[in-house]
Amino acid sequence: MSHDHLSSYSFETLAIHAGNQADPLTGAVVPPIYQVSTYKQDGVGGLRNGYEYSRSANPTRSALEENLAALEAGRRALAFASGLAAEDCLLRTVCAPGDHVVIPNDAYGGTFRLFSKVMERWGVEWGVADTTDPASVRAAVRDTTKLIWVETPSNPLLGIADIAALAEVAREKGTRLVVDNTFASPYLQQPLTLGADVVVHSTTKYMGGHSDVVGGALVTSDEALGDELAFHQNAMGAVAGPFDAWLVLRGAKTLGVRMDRHCQNATAVAEFLAGHPRVAQVYYPGLPDHPGHDVAAKQMRAFGGMVSFRAAGGMEAAVEVCNRAELFTLGESLGGVESLIEHPGRMTHASAAGSALEVPADLVRLSVGIESADDLIADLKRALG
Ligand SMILES: *Cc1c(COP(=O)(O)O)cnc(C)c1O
């Protein structure tokens with residue numbers, strides 16, 4: 001199916017067909033896993049379809065990259081070995097020593113660690129802003145700011161950033177807006193269509209969707225930036241392997257139906273928690289009293305599968321709920337079909353302890369899976385005691 005043809009299709013159709021052309025050799029309807037490092041050349045420099053060496057390009061990875069570009073309504077996508085490898089590539093493509101990045105005050109712990117423990121040693125400066133407030137972001141931008149970095153919904157507090165408003169700030173200040181779209185997935189929100197310059201993904205999460213692969217991606221509509229990112233992807237080398245690319249491509253096909261169920265179940269779980277006496281506060285953008293509800297309703301198709309809450313009994317009670325849950329598996333990560341529970345303060349966000357990004361000690365984060373909502377609620381009821 002040609003690109004021109006694809007552009008008229010809706011998301012659900014693109015998810016299944018973009019990048020998934022039948023194999024020209026056999027007609028196989030699923031792209032093969034090209035588990036190969038190098039390619040026969042027809043005479044020196046005579047490459048077949050541009051394939052030379054699998055760090056530079058591999059047909060299974062190309063299929064995934066075409067799919068991701070279509071799903072994010074972008075022109076160019078690049079697939080990496082992990083979400084952090086994608087972030088690292090973006091930062092080293094765009095920033096040099098002395099440059100500055102504005103980051104959210106509740107960034108994913110690994111993203112914060114990349115800035116505070118790695119990029120800082122190479123002279124890249126960073127400042128924290130409340131990305132739910134465009135005025136706070138505007139105030140944090142300096143002359144040297146190369147990127148405004150946003151996660152929405154954010155991790156783990158599910159804050160909502162107004163992507164269109166922040167794109168405006170980025171344009172006004174002559175810098176670029178990056179949106180980590182891991183939590184929403186392109187099914188719920190397409191940041192490039194709202195004015196963002198680059199989308200970052202941990203495809204490990206909802207894109208892959210089955211907790212069986214680690215991967216990352218960058219997507220942009222800026223062709224020149226896309227070329228620079230592709231140059232660095234090859235020059236630095238943290239590419240997605242063929243099998244990992246194939247798993248994410250397979251997961252992407254069911255993204256829409258999975259997200260519909262994640263959102264439905266998360267809504268039911270959030271409503272249950274909001275009425276429970278041992279729960280002090282629930283964070284879910286779908287609840288009408290969530291401070292980001294209106295912005296989320298404007299820029300998202302639905303409110304996602306992540307729910308966080310504070311245990312009324314403090315940190316010990318939060319840890320106890322995590323330990324007592326059975327159907328919710330105690331573990332890091334998110335976005336798979338199976339439900340997960342975790343204590344961000346001691347698990348995913350432990351590296352933010354003592355910083356401006358420290359999370360409340362009584363916080364519990366849920367990745368609500370696609371099991372029966374009744375079973376999930378019964379498990380939480382039992383775990384809360
Ligand atoms: C997991 C995650 C990352 C990092 O991705 P990896 O695939 O684990 O390297 C980045 N951002 C968010 C929001 C995440 O949840």
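Bear in mind that the values in this text are calculations on the coordinates, not laboratory data. None of these values were measured; they are calculated from a predicted model. No Cβ is skipped: glycine too gets one built from the backbone with ideal geometry, and neighbour counts run over all protein chains shown.
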Equivalent ellipsoid semi-axes - Cα gyration tensor, region 1-116, angstrom | 32, 21, 13
Vicinal HN-Hα couplings computed from phi for region 75-84 (Karplus, 6.51 cos²θ - 1.76 cosθ + 1.60; Hz; Gly/Pro x) = 9, 9, 10, 10, 9, 10, 5, 6, x, 5
Hey, can you grab everything whose amide H is under 5 Å from the amide H of residue 145? Only 5+ residues off in sequence or another chain; H modelled, so Pro and N-termini drop out.
-> 100
Over all distinct alpha-carbon pairs, what is the Kirkwood Rh of region 329-385 in angstrom?
-> 12.3
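Nearest 20 debye, what's the magnitude of the dipole of region 256-384 about its Cα centre given +1 on Lys and Arg Cβ and -1 on Asp and Glu Cβ? Walk me through the intermediate numbers first.
Working: 11 positive and 16 negative charges, 38 e Å.
I would put it at about 180 debye.
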Indicate, rounded to the nearest 5 percent, the antiparallel portion of the DSSP beta bridges found entirely in the chain.
-> 60
Calculate one ³J(HN,Hα) per residue across region 325-340 by plugging θ = phi - 60° into the Karplus curve 6.51 cos²θ - 1.76 cosθ + 1.60, and present them in order as whole Hz with x for glycine and proline.
-> 5, 10, 5, 6, 6, 6, x, 7, 6, 5, x, x, 5, 8, 6, 10
Residues with amide H under 5 Å of residue 281's amide H, sequence separation 5 or more or different chain, H placed in the peptide plane at 1.01 Å from N; which?
-> 310
Using alpha carbon centers only, region 8-26 is separated from region 197-217 by a whole-angstrom value of 19
Residue 353 paired with residue 48, simple spin-label distance in nm, labels 7 Å along Cα-to-beta-carbon = 5.5
The chain - Rg and Dmax from Cα coordinates, angstrom | 20.8, 74
Expected vector for region 231-247, Karplus 3J(HN,Hα) from phi with 6.51, -1.76, 1.60 and θ = phi - 60°, integer Hz, x for Gly and Pro, equals 4, 5, 4, 6, 5, 9, x, 7, 7, 6, x, x, 5, 4, 4, 5, 5
Apply the Debye scattering formula to region 260-385, with a single equal point scatterer on each alpha-carbon and no solvent, then give log10 I(q)/I(0) at q = 0.09, 0.10, 0.22 Å⁻¹.
-> -0.23, -0.28, -1.36
Before rounding to the nearest 500, sum -39500 (n - 2.57) across all DSSP H runs of length at least 4 in the chain and divide by the residue total; then give [θ] at 222 nm in deg cm²/dmol.
-> -10500 deg cm²/dmol
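Which trypsin sites (Lys or Arg not before Pro) in region 1-86 sit in a loop by DSSP (not H, G, I, E or B) and have at most 16 other Cβ atoms within 10 Å of their own Cβ?
Taking region 1-86 and a limit of 16 other Cβ atoms within 10 Å, the loop trypsin sites (Lys or Arg not before Pro) found are 40, 55, 75.
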How far is it, in nm, from the label point at residue 8 to the one at residue 135 when both lie 7 Å from their Cα along the line to the Cβ?
-> 4.8
